[in-house]
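Data block below; observations after.
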Amino acid sequence: MYDHGGGGGELFDTVLDWEDDLPELDYGLAVSHCQSANLVISLGTSLRITPAGELPLLAKNFVIVNLQPTPYDKEATLVIRAKVDVVMSDLMNDLGFTVDDWNIQEP
C-alpha cells in the first residue's frame, strides 16, 4: 500500500519489461490514439521494446526527447538530445505554466 499524506491506495506494476506482452485492449487503444494524433512526444525512451516502441511512427508527427540515439531518429519530425526534465520544464515555462521543484524524499 502507498500512503502519501494520508491518502493511501494500491500500487500496480505498469513497467513494460522486455519479455512482457502488451495487454491487448491497451495496445489497441494506443494504436488508435497514435494513428489519430497530430503529434506524439516520446520522452526518455530508447524505443527499442516492440511493438510499443513503434507506436510513435503511427502519428502524423513525432518528437523524440532522449539523451541517446534511437532506431527511429531519422523518421522523427524532431529529435532533442537533452534531459526530459529540462525540456519539459522549459516547455511549460514557455507556455506560461509554473513548474514546482520536486524532490524525492525517502520514507
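The values are calculated or read from the model by the stated rules, or taken from the named source; none is laboratory data. Predicted model only: the values in this text are computed from it and were never measured. Here the Cβ is made from the backbone with ideal geometry for all residues, glycine too, and neighbour counts use every protein chain on show. Surface accessibility is based on the protein's heavy atoms, side chains included, excluding ligands, DNA and RNA. Shrake-Rupley method; radii C 1.70, N 1.55, O 1.52, S 1.80 Å.
Details
- Scanning region 70-82 finds no residues that are in contact with a Lys or Arg (Cβ under 9 Å, 6 or more places away or on another chain), exposed (fewer than 12 other Cβ atoms within 10 Å of the Cβ) and in a loop (DSSP other than H, G, I, E, B).
- Taking every residue in region 74-85 that is over 22 Å from Lys60 (Cβ atoms) and in contact (Cβ under 8 Å) with a residue 40 or more places away in the chain and pairing it with any residue that is part of a helix (DSSP H, G or I) and of a type in the set (A, V, I, L, M, F, W, C), at least 6 positions away or on another chain, yields no pair with a Cβ-Cβ distance below 7 Å.
- Scanning region 32-56 for residues that are open to solvent by 20 Å² or more (accessible area, probe 1.4 Å), not in a helix (DSSP H, G or I) and not aliphatic (A, V, I, L, M) yields Asn38, Gly44, Thr45, Ser46, Arg48, Thr50, Pro51.
- The residue of region 70-107 that is farthest from Ala52 (Cα to Cα), among those that are modelled with pLDDT of 90 or more and charged (D, E, K, R), is Asp94.
- Cβ-Cβ contacts under 8 Å between residues 6 or more apart (or on different chains), taken from a first residue in region 20-31 that is modelled with pLDDT of 85 or more to a second residue that is surrounded by 11 or more Cβ atoms within 10 Å (Cβ to Cβ) and part of a helix (DSSP H, G or I), are listed as Tyr27/Ala52; Ala30/Ala52; Ala30/Leu55; Val31/Leu55; Val31/Leu58.
- Flag if Thr98 is open to solvent by less than 90 Å² (accessible area, probe 1.4 Å), among the hydroxyl-bearing types (Ser, Thr, Tyr) and assigned to a loop (DSSP other than H, G, I, E, B): no
- Hey, Asp21 assigned to a helix (DSSP H, G or I) and open to solvent by 80 Å² or more (accessible area, probe 1.4 Å) or not: no
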